[in-house]
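The values are calculated or read from the model by the stated rules, or taken from the named source; none is laboratory data. All values reported here derive from a predicted model rather than from experimental measurement. Here the Cβ positions follow ideal geometry from the backbone for every residue, glycine too, while neighbour counts run over all protein chains shown. Accessible surface is based on the protein model in full, side chains and every heavy atom, while ligands, DNA and RNA are left aside. Shrake-Rupley method; radii C 1.70, N 1.55, O 1.52, S 1.80 Å.
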Amino acid sequence: MTDAAGPRDPGGGPGGLVLDAVSPAFAADPYPSYAIARETAAVFTQPGDHLYYLTRHADVHAAFRDKRLGSTFLHRYTPEELSLPANIPTWRDPRWTQFQAFERWELLNLEPPVHTRLRRLVLEAFTPRAVAALRAPIVERARSLLAPARERGSVDLVNEYAQHFSLGIICDLIGVSPDDRETIKRLSDDTISMYEPGLSDEQQARADQAAGDFRRYLLDVVAHRRANPGEDLVAALISATVEGERLTDDQIVSTAMVLLMAGHEATVNATSNGIAALAANPDQWRLLRSGEVSVRDAIEEILRFDPPLQWFERWVLDDGVDIAGVPLPLGARVALVLGAANRDPRRFPDPDRFDLRRDDTGHISFGGGIHFCIGAPLARMEMETTLTELLASEEELVVLPGARRRPTFQFRGFERLEVALHRAG
Ligand code: HEM
């Protein structure tokens, strides 16, 4: 393997691409391909997709904090100024007006100063202290979801447990009625699908429609809350003032949408990835059972080993930017590959080993810099609760036949993961 300073095309597998986002084999296990990209060049490129991939830990870590890279360019340039039409991702397509209306005020898609103001408000609801206050109801929710499954002797951890668990928690926080959780799930799944690569026009139109339905649903929630003040996050956003100004309905709705989507999807996937890794490594489960490793440390290794969000993109906003000695043109799209960075042997010894005693919290699974995950304390608490509840009763963790990974690559998790459960007591 070479360690070139410049971008390189190493050729790749039969399809020609090393990082083939639409290949089922790549989605099933992207880590060997990441290793090839990571050892080939600090800035990896391949034919056809107009992306500059960063796969090394130090570079991804720095890129999240680099002010010359933006999660959007629209605050500074038009697409024409950057000559983008040929390489914009589907979700930037101006045809999808309903999706664009959501993206217009989506936190992840904003840059300072607007981002700073909106984020400050949302952060108040997600400080470690605010989240600690949710612990008792969260534990209660986990127990009541697992109780009937224990009676049956097994649980599909994704569909019978984690989805209901995480979705219920975030819906209650935002102020969505329990009766509407299924609707939210459907709208969220369909809207999020817009971020996947390789969609047909029909699939994109469906995602656009879902974004519109999701917005209209939440506009009604906001209108209802304006008329009937309450204690939830929508109520807090309605009454919040930023430098003397109130948030608009569009800003509140986009914020609620991103929280509802980010607030369950990634946690469900992280939970299933973690349970699968523990089941595949019974010695590690025994370390947890014996108390030699704390649940908190285990969560960090789970997040490092198999993160639920595999990459995020940034745009080069200035002239003269170089990364690891490689010049990147204005308007270039840069992919920050978290899954590869977390397995970089330069940062983590023996990185492909799932090792709960690693005692290293340096993973990048929650990002970094100004967009660092707002929900990290909540996600950690949810995962801790689930693991603690399973540890309380399960001598062994056994995955039953029929486990299925999601075919998607950016959102990495399981579609189905049935686990044997012992009777409580
Ligand atoms: C294990 C679970 C989770 C993981 C791995 C995760 C990961 C991430 C990452 C990597 C980012 C940064 C993206 C970027 O820089 O482009 C992010 C941002 C964000 N996350 Fe999470 N997340 C998780 C759970 C949650 C939860 C539970 C919530 C909400 C309750 C949430 C809300 C958000 C929001 C609102 C942002 C955008 C912040 C901003 O732009 O300022 N996430 N998350």
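Roughly how far apart, in whole Å, are the Cα centres of segment 188-267 and segment 343-373?
31 Å
Percent of accessible area on the chain owned by carbon and sulfur, 1.4 Å probe?
53 percent
Among rounded, prolate and oblate, which fits segment 36-158 when a ≥ b ≥ c are the square roots of the eigenvalues of its C-alpha gyration tensor, a/c under 1.5 means rounded, and a/b larger than b/c means prolate?
Because a/c hits 1.5 or more and a/b exceeds b/c, segment 36-158 counts as prolate.
Is the shape of the chain best called rounded, prolate or oblate, per the rule: a/c under 1.5 gives rounded, else a/b larger than b/c gives prolate, else oblate, with a ≥ b ≥ c the square roots of the Cα gyration tensor eigenvalues?
The shape class here is oblate.
Given labels modelled 7 Å from the Cα in the Cβ direction, how far is it in nm from D359 to Q209?
Here the modelled spin labels are 5.6 nm apart.
For Cα pairs less than 8 Å apart in space and 6+ apart in sequence, what is the mean separation divided by the residue count of the chain, i.e. the relative contact order in percent?
26 percent
Can you pull the one-decimal nm distance between simple spin-label points at L219 and R296, each 7 Å off the Cα toward Cβ?
4.5 nm
With every protein chain present, what accessible area does L118 have (1.4 Å probe, heavy atoms only), rounded to the nearest 10 Å²?
Here the residue's solvent-accessible area equals roughly 10 Å².
Taking the chain as a Gaussian network, Cα atoms linked when under 10 Å apart, which of H224, H264, H371 shows the biggest mean-square fluctuation?
Answer for the Gaussian network model of the chain: H224.
Going by a ≥ b ≥ c, the root eigenvalues of the Cα gyration tensor, does segment 322-425 fall in the rounded group (a/c under 1.5), the prolate group (a/b larger than b/c) or the oblate group?
The shape class here is prolate.
Leaving out ligands, DNA and RNA but keeping every protein chain, what accessible area does M381 have, in Å² rounded to the nearest 10, with a 1.4 Å probe?
In the full protein context, M381 sits at about 10 Å².
Which GluC sites (Glu not before Pro) in segment 261-365 pass both tests, a DSSP loop state and at most 16 other beta-carbon atoms within 10 Å?
E292
Under a point spin-label approximation (7 Å from Cα along Cα-to-Cβ), what is the A133-R104 distance to one decimal in nm?
3.3 nm
Accessible area per residue of the chain at 1.4 Å probe, in Å²?
I get 43 Å² per residue for the chain.
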